[in-house]
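The values are calculated or read from the model by the stated rules, or taken from the named source; none is laboratory data. A quick note: this is a predicted structure, and the numbers were derived from the prediction, not measured. FYI the Cβ positions are ideal-geometry reconstructions off the backbone, even for glycines, and counts take in every protein chain you see. Please note that ligands, DNA and RNA were not included when accessible areas were found on the heavy atoms of the full protein model with its side chains. Shrake-Rupley method; radii C 1.70, N 1.55, O 1.52, S 1.80 Å.
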Amino acid sequence: MRLATLNNGSRDGALVVVDSRLERQAPAADIAPTLQAALDHWQAVEGPLRERFHALDSGERSGEPFSEAATHSPLPRAYQWADGSAYVNHVELVRKARGAEMPQSFWTDPLMYQGGSDSFLAPRAPIRMADESWGIDMEGEIAVIVDDVPMGASYERARDAIRLVMLANDVSLRGLIPGELGKGFGFFQSKPSSAFSPVAVTPDALGDAWDGGKLHLPLRVDLNGEPFGRANAGVDMTFDFPTLIAHAARTRPLSAGSIVGSGTVSNKLDDGPGKPIAEGGVGYACIAEVRMIETIEHGEPKTPFMRFGDRVRIDMHDRDGRSIFGAIDQTLERYEG
């Protein structure tokens, strides 16, 4: 089943079901007005939503044309946005680039931060920032939306709570991060609004690409129309989603509609740093990673962070070459507010 939220001008949009080809949609307001309402009452509404999806997907119901550009992020705002760093290869490169050893605990205890969840960007909305010197970067990720998760949930309980899967662009301001982390309190200004894919998908719709905890397909990241990353989201993922969810719920319950992110998708190459696509690698899901590798190899970074006018596109195709979630497609613009 595929669900989307139309950007109808309201804070939380309008819930629709979308067919497998991302071509047709059918309203779902009579079942649940918003995706959050559906998640709040999932046991009651999942069946009717699936019936409508199957009617649309089979052609029994004609529906209306679906436009990715008309959507908001599936949850325009959420009770919780907890982003992990599941690809420890990425963290290792960060520390190596600045000459720091990585604690052994990073391989057994996930990193996670609590992001702002009150103002997500639409998947086709521009990224507006006031200053290029902030080091503006994209981060291509996988994210899941969960049902209620009790405090202290087991791995199995956390796995069973995954309701929907989607893509994320977790925008980062690399130039602001060191100063904030140096204060000892973590990210805030350096993590502005994130964007999520036009469509959120139930795990069963992903077929054998979903193994219950990881999504085994390449994440397609393009920068200014050129392939930038094709890293496989199921490879080199040290902590799967049930592990991340259980970690987040260790000392608190998670409310239905909470979003948990994977962190930047990152693949090694021959047990070492990845390489650009043009050099036979699978590239990267963020600019910071290629800059880290340049620093390690050449003593300084060469690739610039995003500049006004740059465009990032994040998508994922199934094995038949069709987009699964629709594309996050954003241009960086100067904020004039």
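In what order, largest first, do Tyr335, Tyr79, Tyr155 sit by accessible area if the probe radius is 1.4 Å? Spell out each step's value before the answer.
On the way: Tyr335 120, Tyr79 155, Tyr155 90 Å².
Largest accessible area first, the residues go Tyr79, Tyr335, Tyr155.
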- Message: Classify segment 136-262 from the C-alpha gyration tensor, please: rounded if a/c falls under 1.5, else prolate or oblate depending on whether a/b exceeds b/c.
- Response: oblate
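Taking a 1.4 Å probe, which of Glu156, Glu333, Glu60 shows the most accessible area, and what order do the others take after it? List each step's numbers first, then the result.
On the way: Glu156 95, Glu333 70, Glu60 155 Å².
Per-residue accessible area, sorted high to low, gives Glu60, Glu156, Glu333.
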- Message: Run the helix sum for the chain: -39,500 (n - 2.57) per DSSP H stretch of 4+ residues, divided by residue count, reported at 222 nm to the nearest 500 deg cm²/dmol.
- Response: -5500 deg cm²/dmol
- May I ask you to evaluate 6.51 cos²θ - 1.76 cosθ + 1.60, the Karplus curve with θ = phi - 60°, for each residue of segment 56-62 and list the ³J(HN,Hα) values in order in whole Hz, giving x for glycine and proline? 5, 5, 7, x, 4, 10, 6
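Please list Arg52, Arg334 in order of solvent-accessible area, largest first, computed with a 1.4 Å probe with all protein chains present. Please list the in-between numbers first.
Values: Arg52 45, Arg334 125 Å².
My answer, sorted largest first, is Arg334, Arg52.
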- Note on the structure: Calc'd 3J(HN,Hα), segment 64-77, phi into Karplus 6.51 cos²θ - 1.76 cosθ + 1.60 (θ = phi - 60°), Hz, glycine/Pro = x, comes to 10, x, 9, 10, 4, 5, 8, 9, 9, 4, x, 10, x, 8
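Just subtract the alpha-carbon distance of Asp320 and Glu101 from 0.36 nm times their residue separation and send over the number in nm, one decimal. Please report the intermediate quantities before stating the final value.
Details: separation 219, 0.36 × 219 = 78.84 nm, distance 4.21 nm.
Taking 0.36 nm per residue and subtracting the Cα distance, the gain is 74.6 nm.
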- Item | With DNA, RNA and ligands ignored, accessible area of Leu176 (1.4 Å probe; Å², nearest 10) | 50 Å²
- Note on the structure: Once Lys and Arg are counted +1 and Asp and Glu -1 for all other residues with Cβ under 11 Å from that of Phe66, the total becomes -1
- Note on the structure: Here D for segment 1-159, in µm²/s, from Stokes-Einstein with a Kirkwood Rh over Cα pairs at 37 °C and 0.692 mPa s, works out to 177 µm²/s
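So for each of 199-208, 121-130 I average, over its residues, the number of other beta carbons within 10 Å; can you give me the resulting order with the highest mean first?
Values: 199-208: 17.7, 121-130: 19.2.
Ranking the peptides 199-208, 121-130 by packing returns 121-130, 199-208.
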- Item | Residues in segment 314-337 that a label on Asp211 would reach, taking backbone N under 19 Å of a point 7 Å out along Cα→Cβ | 317-319
- Item | Residues in segment 278-312 reached by a label modelled at Asp270 [backbone nitrogen below 16 Å; 7 Å Cα→Cβ] | 278-283, 297
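Would you mind working out the magnitude of the charge dipole of the chain relative to its Cα centre, with +1 at each Lys and Arg C-beta and -1 at each Asp and Glu C-beta, to the nearest 20 Debye?
Values: 34 positive and 48 negative charges, 88 e Å.
In total the dipole reaches around 420 debye.
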- Which distance in nm do the two modelled labels at Ala69 and Thr251 give, with both placed 7 Å along the Cα-to-Cβ direction? 4.7 nm
- Message: Of Leu56, Gly84, Thr71, which is farthest towards the positive pole of segment 53-105's charge dipole, taken about the Cα centre with +1 and -1 on the beta-carbons of Lys, Arg and Asp, Glu respectively?
- Response: Gly84
- Taking a ≥ b ≥ c as the square roots of the eigenvalues of the Cα gyration tensor of segment 120-194, is the shape rounded (a/c under 1.5), prolate (a/b larger than b/c) or oblate? oblate
- What relative contact order, as a whole-number percentage, does segment 35-116 give when Cα pairs under 8 Å and 6 or more residues apart are counted? 30 percent
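Given 0.36 nm per residue, what is the gain on full extension from Asn8 to Glu51 after removing their alpha carbon distance, in nm? It would help to have the intermediate numbers written out before the result.
Details: separation 43, 0.36 × 43 = 15.48 nm, distance 2.41 nm.
Stretched out fully, the Asn8 to Glu51 stretch lengthens by 13.1 nm.
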- Task: Go ahead and run the numbers for FRET between Ser119 and Ala29, Cβ-Cβ distance against an R0 of 22 Å, rounding to 0.05.
- Result: 0.40
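Relative contact order (percent) for the chain, with alpha-carbon contacts under 8 angstrom and 6 or more residues of separation? Don't skip to the answer; put the middle values down first.
On the way: 827 pairs, mean separation 75.4, N = 337.
It comes to 22 percent, rounded to a whole number.
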- Message: If amide hydrogens are placed 1.01 Å from N in the peptide plane, which non-local residues have theirs closer than 5 Å to the one on Phe239?
- Response: Val88
- Query: Which one of Phe241, Phe196, Phe66 has the biggest mean-square fluctuation once the chain is modelled by GNM with Cα springs under 10 Å?
  - Reply: Phe66
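Just order 101-110, 297-306, 257-266, 18-27 by mean Cβ neighbour count inside 10 Å, highest at the front, would you? Write out the running numbers ahead of the final one.
Working: 101-110: 11.5, 297-306: 13.5, 257-266: 28.3, 18-27: 18.0.
Most protected by this proxy first, the peptides run 257-266, 18-27, 297-306, 101-110.
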- Note on the structure: Length-normalised contact order of segment 107-254, Cα under 8 Å, at least 6 apart, in percent, tallies to 29 percent
- Enumerate the amide H contacts of Asn232 below 5 Å, restricted to partners 5 or more residues apart or on another chain; note that Pro and chain-start residues carry no placed amide H. Leu219
